[in-house]
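Undergrad: Structure incoming, see below.
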Amino acid sequence: MTATDDRRPGEELLAPQPAEAVDALGAPPTFAIVITAYQAAETIAAAVRSALKQEHPAQQVIVVDDGSTDDLTGALEPFRGEIELIQQENRGGSAARNRGLEAVETEFMAVLDADDAYHPRRLLVIAEAARRRPDLDIVTTDARLIVDGNPDGKLSDGSPFAIEQQRRAIFERSFPGGWPALRKERLQAIGGFDEKMRIAYDWDCWLRLILSGSSAGMVDAPYYDYVLRSDSLSANRVASLWERVRLLEKATRSPHLQPAERPTLEQAVHWRRSEAVREEIRALSQAGDRRGLLRLAGTPGTAITSRLGAGLGAVSPALSRRLLGDPSERV
C-alpha cells in the first residue's frame with residue numbers, strides 16, 4: 001500500500017502556513033526508518049517488527065547497534081535480510097543517529113527508538129503529509145505515552161504542537177517530540193546531531209533545523225508509542241535539565257538567531273537554569289550535600305528563589321522544600 005490522501009477523522013495535519021504557495025508532489029518522498037539501540041535485546045524485536053509492518057513500507061529499515069553487550073544481534077536474527085544492521089563502539093545516541101544518517105539513501109530519515117513502536121499507519125500519514133506539503137522538513141505524528149505497559153495520555157497533552165511562531169516555541173519545548181521524520185538534505189546541512197550532547201541531542205537538532213529555516217508539521221493522531229517505566233521517569237533528571245540549559249545557551253550563539261528573538265531565548269535560558277538548580281537542590285538535600293548546596297546558591301542567572309532555596313537547603317532542608325514547592329515559578 002502506498003501513501004494516498006485517504007485521511008481518517010482525527011488525522012489533521014498541523015503546520016504553519018507556507019511562506020508562498022506550494023504544489024503537492026505527484027508521489028510521496030522516500031523514507032528510511034533508523035532505529036538506534038543500546039542494550040535493547042529485550043525490546044528491539046517489537047520495534048523492528050513495527051517498522052516492517054508499515055502500511056506504507058519504508059525503503060530502508062536500519063538498526064544501529066551502539067556497542068551493546070547484550071545479545072542484540074541474536075534478537076535481530078529473525079529479521080536477517082529485511083533490515084540493515086550497523087555496529088559501532090558505544091559512542092552515544094547522537095553518534096548512533098549520525099551513523100544511521102550516513103547509511104540513509106532516501107529523502108527522509110524517520111526516527112524510531114529501540115524500546116518504542118510505530119502504529120501501522122504512521123509512515124503512511126507522514127508520507128502523505130510530506131507529499132502534500134513539500135515545504136516541511138520535519139514531519140511527525142502525535143505519540144501515545146505508555147507507562148508500565150498502560151496508555152497514559154498523549155505527548156501533545158503536556159507539550160502542544162506549535163503551529164505558529166515555531167522559531168520561538170522551540171526555545172520553550174521540543175514540540176516535534178523525539179521521533180520525527182527529517183529531510184536528509186537539511187539534516188546534513190546543519191551537521192546532523194551534536195555528538196557532544198548525550199541527552200538532549202534531539203531537541204538541539206530540531207532547534208538548529210528550525211532556526212536555519214525549516215518548518216515542522218504534525219499529523220494530529222497518536223501513531224507512535226513512547227514507552228516509559230515509572231521508575232525511569234526521574235532517572236538522570238538533573239543531568240537532563242542541565243543539558244537543556246546547555247542547548248539553549250548554544251542557541252544564543254547561533255548565526256541564525258534574529259535580534260528580536262534574543263530576549264525570548266534568554267528568558268528561556270533563565271527559566272531552564274532555575275529549573276535545573278531547583279531539581280539539583282532537591283537531590284542534594286536528600287543526599288545531605290551541604291557543600292553542593294552552597295555552590296548552587298551562587299549560581300548566576302537563576303531565579304532568586306532558587307538561589308535562596310539552595311542556601312536554605314544547607315541549613316534547613318524543610319524550609320528549602322517549602323520555598324521550592326511550586327515548580328511553576330519561572331522568574
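Undergrad: Hey, does the range 42-63 have a residue that's in the same structural domain as Phe31 (by TED's automatic domain parsing), closer than 22 Å to Lys196 by Cβ and part of a loop (DSSP other than H, G, I, E, B)?
TA: no
Undergrad: Please enumerate the residues belonging to the range 242-280 that are modelled with pLDDT of 95 or more, assigned to a helix (DSSP H, G or I), surrounded by 14 or more Cβ atoms within 10 Å (Cβ to Cβ) and of a type in the set (Gly, Ala, Ser).
TA: Correct list: Ala251, Ala268.
Undergrad: Could you identify the single residue in Ser285, Ser212 that is modelled with pLDDT of 65 or more, exposed (fewer than 15 other Cβ atoms within 10 Å of the Cβ) and farther than 28 Å from Ala114 by Cβ?
TA: Ser212
Undergrad: With a cut-off of at least 1 residues that are touching a residue at least 40 places away in the same chain (Cβ under 8 Å) and polar (S, T, N, Q), name the strands (runs of 3 or more DSSP E) lying wholly within the range 85-160.
TA: Qualifying strands (runs of 3 or more DSSP E): 138-147.
Undergrad: I'd like to check something: does the range 65-84 contain any residue that is under 22 Å from Arg186 (Cβ atoms) and touching a residue at least 12 places away in the same chain (Cβ under 8 Å)?
TA: Checking the range 65-84: not a single residue is under 22 Å from Arg186 (Cβ atoms) and touching a residue at least 12 places away in the same chain (Cβ under 8 Å).
The values are calculated or read from the model by the stated rules, or taken from the named source; none is laboratory data. Since the structure is predicted, the reported quantities are computational estimates derived from the model, not experimental observations. Here the Cβ is made from the backbone with ideal geometry for all residues, glycine too, and neighbour counts use every protein chain on show.
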